[in-house]
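Take a look at the structure below.
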Amino acid sequence: MEIKDSGSVVLTGYHSYTPSRSPIVEHSFVPEMPSTQCSLIRKSHSRRMNRMLSSESPRTPSFNRSISETSMDNSSMEDFWCELQHIKETSEDNPDDSLVEMKPVDEGEMEAEWLQEVGLSTLISGTQEHDGQALLSTLTRTQAAAVQKRYNTYTQTMRKKNKHSVRDVREIFGINDSSQQFEPLPISPLATNGVQLPIIKKPIWKPVSSNSCVLEKSSPSIAEELSFEASFSETIVLDDKEKEMQKNQRIKKEDCILPKFIVWKSRFGLTEVGDLSLEDMKKIRYLSLIELTAFYDALGIELKRNRTVRFKGKENGLFGVPLTTLLENDQKKVPGTKVPLVFQKLLQRLEETGLEVEGILRVPGSASRVKSLREELEAKLPDNTFDWNKVRSNDAACLLKMFIRELPAPLFTMEYLPAFITLVEKISKIKLQLQALHLLIMLLPDANRDIAKALLNFLKKVVSNEEKNKMSLWNVSMILAPNLFVFKGKSANKEEMKAAASTAHIVRLLIRYQDILWTVPSFLISQVRKMNEAASSNNKKQLIFDKSVRKLLRRKTMERERPERREHCDVPEGVIRVYAPLHSKVSMAIQLNSRTKAKDILARFQCENSHGTSENAKIHNQSLYEIGGNIGEHCLDPDTYMLDVYHVNPQAEWILKPKAS
């Protein structure tokens, strides 16, 4: 992803395709290997597939030509089936006792869980919680319709069961006539400053031509625009042709069919998931689930979910241990750790020795050696006495995949695995697939998203070394798919075969567009700002009517009028005071204009405090933060125009501090 001065981000591939260069694998997706080894793999694969099918059911699934609407020829999925069989063989020695069987639930219970997950449990309990009211006040038309639809289903189910009385949806959304449709906000998109625009406007920025890579004939030649300013669900427009394409969706294996996207960078810059406070990210998840549901509704697709399930896992060790437990143990040794240390070490070893190894990730290591290494890792890594120099690259790859698939709960969560599959099987346009995938990534717990980010960054490096390791983007995706999207249970084989091509395509999108996926859509940040403002306003109203705190308010008012408080109030319009507690000059008043960027403020502090190399290094590692007001904490993009942010959040404080890695 290239960031241009014009305010655009151009996402390209990892290498350029030229007309004279054919793909590494033309007819089969098994990269070159000795003929004897290839023959053995094919024969072994045939016997194993027969065993898989005979053990599944008397009826043979029709996977030879087309498993499902999104399938492709089985020969192009050779790596997938070989990897799947390798997983089954290695798991025989380590039976999974951690699986919790999911009990069937009715539609009402599913909708009740959905309402709780989006932060609207108040609609179920009947209490008047201000956070729920604040969330409802920020919703767009399609988002509100999605909430209303789920709440209607819930109330109808509860009335049939006669469990308890429930509020009518008209009471919650303020509808006087049941025939009227609720529209809390206009159709126009949310601006980044949180103010609803009267009409949809084109971006004011102009794209700069980039070095476009030469693709195959079937690939798009023009980069598509991707905007985070407007709600995804509000901008969906499908014609009859696209609806027909969704019914006859078929995945193409060529990596070059994936388009380039130009991501517009507004005057507010781009925000990554680690740039917001934990409390604001929690609200981002609420809004992302509502937006994802509205997105699927707009496409006419059912958002399928599994019921929230808790998986049992080991309390100690490295493999088969919940991510939260691993991180708690590792953070005692290394504070601030976001990715389990064993996973970091495996990635580090592979980057040092395996990026140029032919067939890395595909060719398995010695089963006995991997088993021995695993036992030694469990025993010695906690004491930091394990010798990584003796770990071969193929063995490290096996351990890496083993770590992922033995997590008690799937990396991409059990609840939304069906939603991942649906975005490929039911959506034809790559752009819409990417938008759905983007929202699903926003839903992930912090630990899951951090480890997924580390993994995808490594896979990107593997693909960039394709000429040496013979692992194309599609090859890598096929190998990782069965490890990331493992279906457990009695119908495992059948489900795996149905979802084979779909899951491989999902992994391909994750690797190719990962830089986009870690960016928080700005329309969600706008809604968080509005939600915080609404919650703050509700709290103030509550305090005004609470007699017990009136004396406290009067005392606080007097404190604000003290001389030491007047300095902040007397700051002229457009002037901010930036604090830098780690610098020799700890604060500075800065007059903003329409051209002042966050990086200009950083440069000014650097100029004022550059007295030595250590001081310079300290300054270079810091970022400008917007704290308080209508946001919890927000690390600003260096290209952010400060006057725009100041107008959106005039009550914020501005602080220079190191950015958490």
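Data overview
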{"quantity": "Computed label-point distance, nm, for sites Thr385 and Leu238 using a 7 Å Cα→Cβ extension", "calculated": "6.0 nm"}
{"quantity": "Span from the segment 461-487 Cα centroid across to the segment 382-432 one, whole angstrom", "calculated": "12 Å"}
{"quantity": "Full-extension gain in nm, Ser537 to Ser277, via 0.36 nm per residue minus C-alpha separation", "calculated": "91.5 nm"}
{"quantity": "Karplus (6.51, -1.76, 1.60) ³J(HN,Hα), θ = phi - 60°, over segment 294-305, in Hz, Gly and Pro reported as x", "calculated": "5, 4, 5, 4, 5, 8, x, 10, 6, 7, 7, 9"}
{"quantity": "Label point at Glu653 placed 7 Å out along Cα→Cβ; residues across segment 579-601 whose backbone nitrogen lies under 17 Å", "calculated": "579-583, 586-590"}
{"quantity": "Virtual spin-label span in nm between Ser91 and Ser464, 7 Å along Cα→Cβ", "calculated": "3.3 nm"}
{"quantity": "Calculated from backbone phi, Karplus (6.51, -1.76, 1.60) coupling profile of segment 277-284 in Hz, x at Gly/Pro", "calculated": "5, 4, 5, 5, 5, 4, 5, 4"}
{"quantity": "Average accessible surface area per residue within segment 251-290, 1.4 Å rolling probe, Å²", "calculated": "30 Å²"}
{"quantity": "Entries in Lys304/Lys460; Lys426/Lys461; Lys461/Lys657; Lys597/Lys659; Lys338/Lys380; Lys312/Lys426 that, when Cα-Cα distance is taken, lie over 27 Å", "calculated": "Lys304/Lys460; Lys426/Lys461; Lys461/Lys657; Lys312/Lys426"}
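The values are calculated or read from the model by the stated rules, or taken from the named source; none is laboratory data. Computed from a predicted model, the values in this text were never measured in an experiment. Reconstructed Cβ throughout: ideal geometry from the backbone, glycine too, with neighbour counts over all protein chains shown. For the accessible areas, the whole protein counts, side chains as well, though only heavy atoms, and no ligand, DNA or RNA atoms are used. Shrake-Rupley method; radii C 1.70, N 1.55, O 1.52, S 1.80 Å.
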